[in-house]
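Reviewing the structure listed below.
The values are calculated or read from the model by the stated rules, or taken from the named source; none is laboratory data. Just so it is clear, the structure is predicted and the values come from calculations on it, not from any experiment. A quick note on method: Cβ atoms are made from the backbone with ideal geometry, for glycine too, and the neighbour counts reach across all protein chains shown.
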Amino acid sequence: MSEFLALVGAEPEGDPPAPELRMTSGRERSRADGARVVVGLFPGANAESRRWPAGRFSALAQRMASAGHRVLVLGGPGEAGLTEVVARAGAAFGECEDHGGRTDLMGLSGLLAGCDVLVTNDTGPMHLAAALGTPVVALEGPADVRQTRPLGTRVRLVGRFDLPCVPCVRNRCPRTGPGTELTDARNECMWLISVDEVERAVQELLDGRTP
């Protein structure tokens, strides 16, 4: 719980309120137009090594918006610049809303609960969404998914698990930077995840397919 509070810039004070009422209002906001598919994107992450490139999230937002889906770009207050970039890219192709840093924990929970699918890096909201029953496409890099994967049957893990360095469980890729293998500073395990395979995982969950 403390991780989720930190994400939205809040501190715990007393007992947390029951989430049902706020979650219901959040669900109504995210599903206001009835049967339209709602796709959530969470492009941020606390650790640099766990972030899928912003350009890939932007491309995915464009594809989801072009398909007629309503896209919600989510993030904490420190990620408002990132969510703005992704949302602006998607909005050029359809309905794509920027909610980065604009909700408290209960508001974020409501939006997550109202999504038909969430695409996210390895984050606290990834686990929160899975706990709420929202289908999750989890973009995995350095984490040991045997210990940290989101629970549930409606989860797709997308990553390069065949790389010899995965899982390194590092917050910064040790293979990047001057004098290392990847001098362009890209994080290979996340960089190699394509937009196509993430889009396929989204569609599988929307179609109700099982692994």
Against the condition at pLDDT below 85 and at positive phi, how does Gly34 come out, does it pass?
yes
May I ask you to verify whether Leu111 is modelled with pLDDT of 95 or more, of a type in the set (A, V, I, L, M, F, W, C) and touching a Lys or Arg at 6+ places or on another chain (Cβ under 8 Å)?
yes
Filtering region 137-150 down to residues that are in contact (Cβ under 8 Å) with a residue 24 or more places away in the chain and aliphatic (A, V, I, L, M), which residue is surrounded by the fewest Cβ atoms within 10 Å (Cβ to Cβ)?
Ala143
The listed residue being touching a helix residue (DSSP H, G or I) at 6+ places or on another chain (Cβ under 7 Å), within 20 Å of Val39 (Cα to Cα) and either at pLDDT 90 or above or surrounded by fewer than 17 Cβ atoms within 10 Å (Cβ to Cβ) (or both), out of Leu157, Leu206, Leu182
Leu157
For Ser49, indicate whether it is at pLDDT below 95, surrounded by 16 or more Cβ atoms within 10 Å (Cβ to Cβ), part of a helix (DSSP H, G or I) and of a type in the set (Ser, Thr, Tyr).
yes
Looking at region 74-101, I want the residues that are more than 19 Å from Val37 (Cβ to Cβ) and have a partner that is acidic (Asp, Glu) and in a helix (DSSP H, G or I) with Cβ atoms under 8 Å, at least 6 apart or on another chain. Which pairs are those?
Gly100/Glu79; Gly100/Glu84; Gly101/Glu79
Please work out which residue is surrounded by the fewest Cβ atoms within 10 Å (Cβ to Cβ), limiting yourself to region 68-86 and to residues that are hydrophobic (A, V, I, L, M, F, W, C) and closer than 18 Å to Val202 by Cα.
Leu72
Within region 58-73, tally of residues that are within 17 Å of Ser194 (Cβ to Cβ) and in contact (Cβ under 8 Å) with a residue 40 or more places away in the chain:
4
Being of a type outside the set (Asp, Glu) and either assigned to a loop (DSSP other than H, G, I, E, B) or crowded, with 21+ Cβ neighbours inside 10 Å (or both): is that true of Ala65 here?
yes
